[in-house]
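Heads up: the structure comes next, in structure tokens.
The values are calculated or read from the model by the stated rules, or taken from the named source; none is laboratory data. All values derive from a computational prediction rather than experimental measurement. Please note: Cβ atoms are built from the backbone with ideal geometry, for glycine as well, and neighbour counts cover all protein chains shown. SASA here: full protein model, heavy atoms, side chains in, ligands and nucleic acids out. Shrake-Rupley method; radii C 1.70, N 1.55, O 1.52, S 1.80 Å.
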Amino acid sequence: MTPDFPENQDALGTTFAKLHDPLHLAALDRAFRAELAAGQPELAERFERYRSGEPLSPTALSSLLVDAGRALSPFIASIFGVAEARERLLARSDRDQVLFKFRWTIFQKRIFRRYPDAASLTALPTSPAETDETGRTLVRLLAGGELLAADPELAVATASWTLHEIAGAFATPRAKDTTLSLDDATARVASLRAAGGAEVPSEESDPALIARLTGLLDAFIARLKHAPEHVDETAAWASLFAPKKLDMAHLVATSRPEPALPEKRLGLPSHARPRAGFDLTDPGKTPRQVLGEVAYCLLCHEREKDSCSKGFHEKDGSYRKNVHGAVLTGCPLDEKISEMHLLRREGDSLGALALIVIDNPMLPGTGHRICNDCMKGCIFQQQEPVDIPQAETGVLKDVLSMPWGFEIWSLLTRWNPLNRARPYALPYNGRNVLVVGLGPSGYTLAHHLANEGFGVVAVDALKIEPLPVELTGNAERAPRPIHDVEALKKPLDERAQSGFGGVSEYGITVRWDKNYLDLLYLNLARRRNLAIYGGVRFGGTVTMEQAFALGFDHIAIAAGAGKPTMVDMKNSLIRGVRMASDFLMALQLTGAFRDDALANLHVELPIVVVGGGLTAIDTATESLAFY
């Protein structure tokens, strides 16, 4: 049974219906600012100057938004009654911090340098079996057997960091990163001797014992990273990540199986991902791996070097190009990426989401598997960049996994006090706009126009399936709030095509979770000053003259991605030849990819795909999977 929405928890008497009323959003904005003034007057003063339009340096703006995001997070949690869920996210991040202290200080700087690959394991101090047995014993002694059984990665990092801190306490001068006093370190060693038996003989001095045990545990961790019998288990461990150097001439590892035909290249079997039908093939990184990515980030905004967001600039102010000629402009939306990483590193995904939504309210439609201009512009140009799209999507997943998570994101698209330009949606202003096309540009434009108070009608030539009125609401009833976002999701090979999203619906296949399109559609369909219609071809069903006669003040054309690229060659449309975008549209929108569909699609192998972009890649993989 779905829980009731936690209404009337604040002095405003907030109900779910009021969260869709622009007048109440303005009151909510005032309430947040008043609470900020009462609890953090210095921050509130800075925030009010920002909201009034005071110019700020980039570093001052970043600092303010991060501080305000930290304050906004518990305010939002109180509206939705999810304070406990928020605290669990904070606690999870706090618990996992040791993984990344271990990764940077111990694994990358010491273990990986000594044991960089499987061949280096020949230098282990003991046999593989002895190394593993000793390592597990040490982990049990230092981290506990229960943690080793429940979370081996955390146990290994905890054990290694414990030895590091003990050694730091014995060091002269004392290590800066240790939290143990000399007395505490001595007591830990005494406890270790009492429990360790033969592994910790009494004749060794404390520092000598810790140094020897550190070497043995390092060897065990090296085997966890490289030994074939361990890699299946540890390949996903975020704590054993070491960035690879980028070879810009060989970004994708391939083999050339036929010397006589050097143009023939195959991907490495180790990089293959199993494919079963048309369900999602890439679920993305786990929360721990996402934390690993944001821990890898250097937080460049603190030095105005956040090229992921603002682009990689030359000394003359122009944008740098990489060796492939790509212009490193950074995020086209100027997202607060590094700032978002800082809050996500702390476990504050609510605050991090608010920072993203300032510039990218439609973030379910971006992130992992969609765009990577930010990665190209990352400060790491000679080694693997931070996987920023995974971090962005990871923040969204964190919030969506909370009770009322969809409603939290949805509210932030209508009210976000961190967004100085448009902190809350405005009431209807009497002006009407026709938006033609409901791909990414069209639905994003429709959102911004609705927030500015325009009456918006958005049309698309594709048939768009209507949503249940209980979810969207209407003039007489408020929508039903979504407690658990999983109730809206379906496996991709069972999901009905809504038609919403344009190229995102028909031109992208199982490399991206299209359930996010349904979230975007529902969020817009709830707006009382926005209507969505499918099956409308502008210039045919409705002409420009008819649109103006119907009372529209402006027409916005956002219909560019659906036009296929025609190859200028003889017989380009004879039997057996079709445009790649047309093939994907037929595969997706007719439901031909579904096992229970009556629609069929004529495909014969072998197939030649002309082109090497994302549409070509999807065409190659999907035709093979469909056949």
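Below are the figures for this structure:
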{"read-out": "Calculated from backbone phi, Karplus (6.51, -1.76, 1.60) coupling profile of region 236-251 in Hz, x at Gly/Pro", "value": "8, 5, 5, 6, 9, 8, 10, x, 8, 5, 8, 9, 5, 8, 9, 6"}
{"read-out": "Net charge of Cβ neighbours under 14 Å - reference VAL609; Lys, Arg +1; Asp, Glu -1", "value": "-3"}
{"read-out": "Peptides 337-348, 611-622, 259-270, 359-370 ordered by average Cβ neighbours within 10 Å, highest first", "value": "337-348, 359-370, 611-622, 259-270"}
{"read-out": "Nitroxide proxy distance, nm - points 7 Å out along Cα→Cβ at GLU470 and LEU23", "value": "3.0"}
{"read-out": "Area of SER63 that stays accessible when all protein chains are in place (1.4 Å probe, Å², to 10)", "value": "50"}
{"read-out": "DSSP bridge orientation in the chain - percent antiparallel, rounded to nearest 5", "value": "30"}
{"read-out": "Length gained when the stretch ASP316-LEU43 is fully extended (0.36 nm per residue, less Cα-Cα span)", "value": "94.7 nm"}
{"read-out": "FRET efficiency estimate (nearest 0.05) - Cβ-Cβ, THR59 to ALA129, R0 60 angstrom", "value": "0.65"}
{"read-out": "Within the chain, helix-based [θ] at 222 nm, where runs of 4 or more DSSP H residues each add -39,500 (n - 2.57), nearest 500", "value": "-13500 deg cm²/dmol"}
{"read-out": "For the chain, size of Cβ-based charge dipole, Lys and Arg +1, Asp and Glu -1, in debye", "value": "1240"}
{"read-out": "Reachable lysines from LYS245, criterion Cα separation under 17 angstrom, eight or more residues apart if same chain", "value": "LYS109, LYS376"}
{"read-out": "Calculated SAXS-style log₁₀ I(q)/I(0) at q = 0.07, 0.08 Å⁻¹ - the chain, Debye, Cα scatterers", "value": "-0.55, -0.71"}
{"read-out": "Listed residues VAL603, LEU209, ALA44: farthest to the positive end of the dipole of the chain (Cβ charges)", "value": "VAL603"}
{"read-out": "Global geometry of region 292-335, whether rounded, prolate or oblate, following the gyration tensor of its Cα atoms and the 1.5 cut on a/c", "value": "prolate"}
{"read-out": "For VAL435, residues with placed amide H under 5 Å, excluding near neighbours", "value": "VAL457, ALA458, VAL459, ALA556"}
{"read-out": "Global size of region 501-612 as Cα Rg and Dmax, reported in angstrom", "value": "17.9, 53"}
{"read-out": "Å² of accessible area per residue within region 10-72, as computed with a 1.4 Å probe and no ligands counted", "value": "45"}
{"read-out": "Accessible carbon and sulfur surface of region 37-181 relative to its total accessible area, %, 1.4 Å", "value": "55"}
{"read-out": "Anchor LYS310: aspartates and glutamates whose Cα lies under 17 Å away (excluding residues fewer than 8 positions away in-chain)", "value": "GLU302, ASP334, GLU335, GLU339, ASP359, ASP373, ASP387, GLU392"}
{"read-out": "Accessible surface of region 521-565 [probe 1.4 Å, protein heavy atoms]: carbon and sulfur percent", "value": "56"}
{"read-out": "Calculated diffusion of region 473-515, Stokes-Einstein form, Kirkwood radius summed over Cα pairs, 37 °C and 0.692 mPa s, µm²/s", "value": "263"}
{"read-out": "Probe 1.4 Å, protein heavy atoms only - accessible area per residue of region 284-367 in square angstrom", "value": "37"}
{"read-out": "Whichever aspartates and glutamates have a C-alpha closer than 12 Å to that of LYS101, once near sequence neighbours (fewer than 8 apart) are set aside", "value": "GLU165, ASP177"}
{"read-out": "Inter-centroid distance (Cα atoms) of region 394-438 relative to region 213-267, Å", "value": "42"}
{"read-out": "Virtual spin-label span in nm between ARG110 and THR186, 7 Å along Cα→Cβ", "value": "2.3"}
{"read-out": "Region 148-218: C-alpha gyration tensor shape, a/c 1.5 cut-off, then a/b vs b/c", "value": "oblate"}
{"read-out": "Estimated FRET transfer efficiency when R0 is 51 angstrom, pair LYS264-SER401 (beta carbons, to 0.05)", "value": "0.70"}
{"read-out": "Potential lengthening between ASP279 and GLN383 on full extension [0.36 nm per residue; Cα-Cα distance subtracted]", "value": "34.2 nm"}
{"read-out": "Projected label distance in nm at ASP177 and VAL231, using a 7 Å step from Cα toward the beta-carbon", "value": "2.7"}
{"read-out": "Length added when fully stretched, ALA253-ARG33, from 0.36 nm per residue minus Cα-Cα", "value": "73.9 nm"}
{"read-out": "Dipole moment magnitude, nearest 20 debye, region 199-334 about Cα centre, only Lys, Arg, Asp, Glu C-beta charged", "value": "720"}
{"read-out": "Per-selection Kirkwood Rh - region 89-154 (Cα, Å, 1 d.p.)", "value": "13.7"}
{"read-out": "Where N is the number of residues in region 118-181, Cα Rg divided by 2.2 N^0.38 Å", "value": "1.31"}
{"read-out": "Spatial separation of Cα centroids for region 444-471 and region 62-79, in angstrom", "value": "29"}
{"read-out": "Accessible solvent surface per residue of region 80-163, calculated while the other protein chains remain in place, 1.4 angstrom probe, Å²", "value": "48"}
